Amino acid sequence: MRVLVVPDSFTGTLSASEAAAAITSGWRDAAPHDELISLAMSDGGPGFVAAMLTSENYQSETFQVTDLQGQLVSIDVAISSTNPKTVFIESAQIVGTQLVASNPVRSPGSYSSFGIGEAILWAIANHAQRIVIGLGGTALIDGGAGMLAALGAQPKSKLMQGGLALAQVTEINLSAPIANLAGVELVVAADVDVPLLGSRGAALGFGLQKGATAVQQAELEAALTNYSSMMPKRIDGKDAALMLGAGAAGGIGYAALALGGTKVPGFNYVAAAVELLEQVAVADLVITGEGSFDWQSMQGKAVSQLAAICAAAGKPLLVLAGRVDVGRREWSAIGVVGAYGCSADGELPDQPYEALVSLANRVARTFSPVSWQT
């Protein structure tokens, strides 16, 4: 049997490449007769640039920007070899959860996306005509205000202090960011299809997983509401706060959309780079995975995108996750034939790599046709 292993990252624990290696190792142990093909996937979140760079059509450039706490951090961007005027930026490298993983108490309302704007300015200075920002896996909730400040929006001092400070904003001037982006196509490669505000927005939908308390979530929702009320409408008259993808990456999607950006699933870029459609077409079974298989997975993330491809190709899809928080009815509705978690009690294991190896080994003994003979 030909098995295609194509997981996303397990945020905070395993990169997509590490997850692919773990699944492949466990499956091969139980079913050595199967042919395994391994790819690293991303939907715009962690690993977006690395996944793009697995294709020979992209080259890497490294430089420094300001991270979410105001420290310098080195990042890689991907530049198209066939069209060098397109630059791919990964927000998780600049404001990702891994940068504050060692902090016992996190402050998503005080972190800033200023470094995202610096990366955009670098791309503009290097003659980019299209800038694609991969969104996902971030630790902040500032509505992209810091990014706007780096691009010249006013009042800069208020916009770069984090999400909670947005409650004090009384006006916003976007003249400088719009001028800086003149002639540049800005693309939002978002991992979730959610608006800025509301129960599934940047603060109320994602605040808890970023370390915010329930009280802080409410404060951030109020601050983002005030902030969005001060923002001018897009040139086409649309309110960017209502657009799908605005709530991605702590609201960075909102700032990019407010500047006239367009949303494209980040999954599509990576799928093209790794020739995913061709790989699925010749596979007998497809396996994907992520840290938490939950309601967010159904909102345009890699699992739902891959499920659509597998359904169209008539290929079965398995999900191996850190934990599974959706029921059979939900995951079977998108075409998944089986969903398995490393943890049965909701807590992620202390050794995630080994746990995923073990899970893949057990699942292979069920799904590989002759695994019981080995």
Pair list, Cβ under 9 Å, 6 or more apart: region 99-123 residue polar (S, T, N, Q), other residue surrounded by fewer than 16 Cβ atoms within 10 Å (Cβ to Cβ): S112/G70
Counted residues, region 293-351 - those being in a loop (DSSP other than H, G, I, E, B), within 20 Å of S42 (Cβ to Cβ), modelled with pLDDT of 85 or more and not acidic (D, E): 2
Qualifying residue in region 326-344 (condition: surrounded by 23 or more Cβ atoms within 10 Å (Cβ to Cβ) and within 30 Å of S110 (Cβ to Cβ)): no
V187 vs. criteria closer than 24 Å to I235 by Cα, touching a Ser or Thr at 6+ places or on another chain (Cβ under 8 Å), in contact (Cβ under 8 Å) with a residue 40 or more places away in the chain and surrounded by fewer than 24 Cβ atoms within 10 Å (Cβ to Cβ): yes
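Just to be sure, is L306 farther than 30 Å from Q154 by Cβ and crowded, with 21+ Cβ neighbours inside 10 Å? Spell out the reasoning first.
Working: farther than 30 Å from Q154 by Cβ: yes; crowded, with 21+ Cβ neighbours inside 10 Å: yes.
Yes, satisfied.
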Strands (runs of 3 or more DSSP E) within region 52-142 that include 3 or more residues surrounded by 15 or more Cβ atoms within 10 Å (Cβ to Cβ) and either modelled with pLDDT of 95 or more or under 17 Å from the mean Cα position of the chain (by Cα) (or both): 72-80, 86-90, 130-134
Any pair with Cβ under 8 angstrom, 6 or more apart, that starts in region 1-15 at a residue that is on the phi < 0 side of the Ramachandran plot and surrounded by fewer than 24 Cβ atoms within 10 Å (Cβ to Cβ) and ends at one that is among the hydroxyl-bearing types (S, T, Y) and in a strand (DSSP E or B): T11/S292
Options L208, L204, L220; residue that is under 23 Å from G44 (Cβ atoms) and either in contact (Cβ under 8 Å) with a residue 24 or more places away in the chain or acidic (D, E) (or both): L220
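Which one is surrounded by the most Cβ atoms within 10 Å (Cβ to Cβ) among residues in region 201-236 that are of a type in the set (K, R) and within 21 Å of G261 (Cα to Cα)?
From region 201-236, those of a type in the set (K, R) are 210, 233-234; that's our starting set.
Among the residues that remain, those that are also within 21 Å of G261 (Cα to Cα) are: 233-234.
Details: K233: 11, R234: 15.
Step by step, filter region 201-236, then rank; the result is R234.
Being assigned to a loop (DSSP other than H, G, I, E, B), more than 19 Å from V282 (Cβ to Cβ) and among the small types (G, A, S) narrows it down to one of G12, G26, so name that one. Steps first, please.
On the way: G26 fails: assigned to a loop (DSSP other than H, G, I, E, B).
Selected residue: G12, the only one of G12, G26 that is assigned to a loop (DSSP other than H, G, I, E, B), more than 19 Å from V282 (Cβ to Cβ) and among the small types (G, A, S).
The values are calculated or read from the model by the stated rules, or taken from the named source; none is laboratory data. Just so you know, these numbers come straight off a predicted model, no measurement behind them. No Cβ is skipped: glycine too gets one built from the backbone with ideal geometry, and neighbour counts run over all protein chains shown.
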